[in-house]
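Chemist: Input: one structure, supplied below.
The values are calculated or read from the model by the stated rules, or taken from the named source; none is laboratory data. Note that the coordinates shown come from a computational prediction; the quantities given were computed from them, not determined experimentally. Positions of Cβ are generated from backbone atoms using ideal geometry, with glycine treated the same way; all protein chains shown enter the neighbour counts. We work out accessible area using only protein heavy atoms, side chains counted, and drop any ligands, DNA or RNA first. Shrake-Rupley method; radii C 1.70, N 1.55, O 1.52, S 1.80 Å.
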Amino acid sequence: MRILITVPWSERLGGAEAMLQTILDGAGESGHEIELVFTEEGPWPDELIEAGMRVEVIRAGRVRELHRWLATVIRLAVIFRRRRPGVILNWAAKTQVYGSPAAKLVGMSDKVVWWQHAIVTRTWLEYIAHLLPARAIACYSAAAARAQDRVRPRRRTVVIPAGAKPVTEAPKDRPLTTPAGVPVVGIVGRLQPWKGQDRLLQAQAILHERGQRMHLVIVGGDSYGLSPEYAASLPGLIARLGLNEAVTMTGEVPDAGPFIQQMDVLVNASDPEPFGIVLLEGMASGIPVVAVNSGGPADIVAHEESGMLARSGAPDALADALEPLLDSPAMRHTLGAAGRERFMHEYTDVAMRERFFKSLEDIVHANGEWDASSRRE
């Protein structure tokens, strides 16, 4: 089966890009042919072309610019007609807004699937994306699927949990220099308000008042320039909380893996979190994880068995979830080992690719109208 994927990002800076790259890394073993169309130039499409993949780039511009939108739709329609894919997978709401009308122009609306990477919030872009024809919508978690079922018009929702590569060896370098004997707690992700770096800093201050020592490592930068004011505010917050000597900010890094493997605890403070691929990266390394008990993490983490779930994303709730792990190296070891076992059983890159291709095959071969409540869990 030929799968054509439309992609709005030209750099790999987030979880959605990481998941797609993981799919592409093993695509040759799937028996399917994957082709890609990017809507902007950049290093990622260049890397894939160099690796021998069939890639085209369309400089789409802003969706709000009607003439640019129309030109992009027409160019995509030409590509669809020429390539005749079995599935058109629009990798985000932005490319759904281009790809679905293009498929309609060439009579391929029944081949369209689009990926909802967030828990739906009905932004104007998502609103338009949902109105456009699609045979199914894919998402990462049961929470995202439940939110999707409340949206009209209803589409079949397919849940495809993400995956990551197992960690088989220690990193060659150790990029962090941290105080000896102090637990290292890390958070990895774009610097955006919903990611919760500020709330985790406040949780650290609460723990400090309780007499708990920890060194916080914030890995990530203002990817795509989405929240420059928030990113710029964090150093000031660190100073106001009196944490200058207890926090390291790495900025944007090409690979978070070596940083994660130096952590004693990995926190995902996002609230809500659609999935939490970074949790898998921690579990793959045997690092105990803490996340908010909402969205995707509730699917991944069994509380006090394979990680810790905070009752909310509030600073005091994050502090309460972290404190037992700071108190007990034995608990860190036990939850880290259990998390890795769960990861190896359910969330490897191989397992994710099997789910991905099987789900697309199911979509292609399904007959008639689908019950909107049916989904592959």
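Chemist: Scan segment 352-377 residue by residue and report those that are over 19 Å from the mean Cα position of the chain (by Cα), modelled with pLDDT of 50 or more and surrounded by fewer than 18 Cβ atoms within 10 Å (Cβ to Cβ).
Modeler: If the condition is that a residue be over 19 Å from the mean Cα position of the chain (by Cα), modelled with pLDDT of 50 or more and surrounded by fewer than 18 Cβ atoms within 10 Å (Cβ to Cβ), then Lys358, Glu361, Asp362, Val364, His365, Ala366, Asn367 are the ones that fit.
Chemist: Looking at the structure I just gave you, is Ala103 in a helix (DSSP H, G or I) and either touching a His at 6+ places or on another chain (Cβ under 9 Å) or closer than 22 Å to Phe357 by Cβ (or both)?
Modeler: Values: in a helix (DSSP H, G or I): yes; either touching a His at 6+ places or on another chain (Cβ under 9 Å) or closer than 22 Å to Phe357 by Cβ (or both): yes.
When the stated conditions are applied, Ala103 passes them.
Chemist: Which pairs turn up if I take residues in segment 52-76 that are more than 17 Å from Asn90 (Cα to Cα) and open to solvent by less than 90 Å² (accessible area, probe 1.4 Å) and look for partners that are of a type outside the set (Phe, Trp, Tyr) and part of a strand (DSSP E or B) with beta carbon separation below 9 Å, at least 6 apart in sequence or on another chain?
Modeler: Close Cβ pairs satisfying both conditions: Met53/Ile34; Met53/Glu35; Met53/Leu36.
Chemist: Name the residue, out of Leu226, Leu200, that is aliphatic (A, V, I, L, M) and farther than 19 Å from Ala319 by Cα.
Modeler: It is Leu226.
Chemist: Same structure again: Just to be sure I understand the filter: pairs with C-beta atoms under 8 Å, separated by 6 or more residues or on different chains, first member in segment 169-181 and farther than 14 Å from Ala256 by Cβ and among the basic types (Lys, Arg), second member assigned to a loop (DSSP other than H, G, I, E, B) and modelled with pLDDT under 90. Which pairs pass?
Modeler: Note: no pairs meet the criteria.
Chemist: Among what's in segment 209-230 and is open to solvent by 20 Å² or more (accessible area, probe 1.4 Å) and in a helix (DSSP H, G or I), pick the residue that is nearest to Asp198 (Cα to Cα).
Modeler: Filtering first and then ranking leaves Tyr230.
Chemist: How about segment 238-351: which strands (runs of 3 or more DSSP E) wholly inside it have at least 1 residues that are modelled with pLDDT of 95 or more and open to solvent by 40 Å² or more (accessible area, probe 1.4 Å)?
Modeler: Working: elements: 247-251, 265-268, 289-292, 308-310.
Filter on segment 238-351 gives 247-251.
Chemist: Hey, can you tell me all the residues within segment 214-237 that are under 17 Å from the mean Cα position of the chain (by Cα) and without any contact (Cβ under 8 Å) to a residue 40 or more places away in the chain?
Modeler: Gly220, Gly221, Asp222, Leu226
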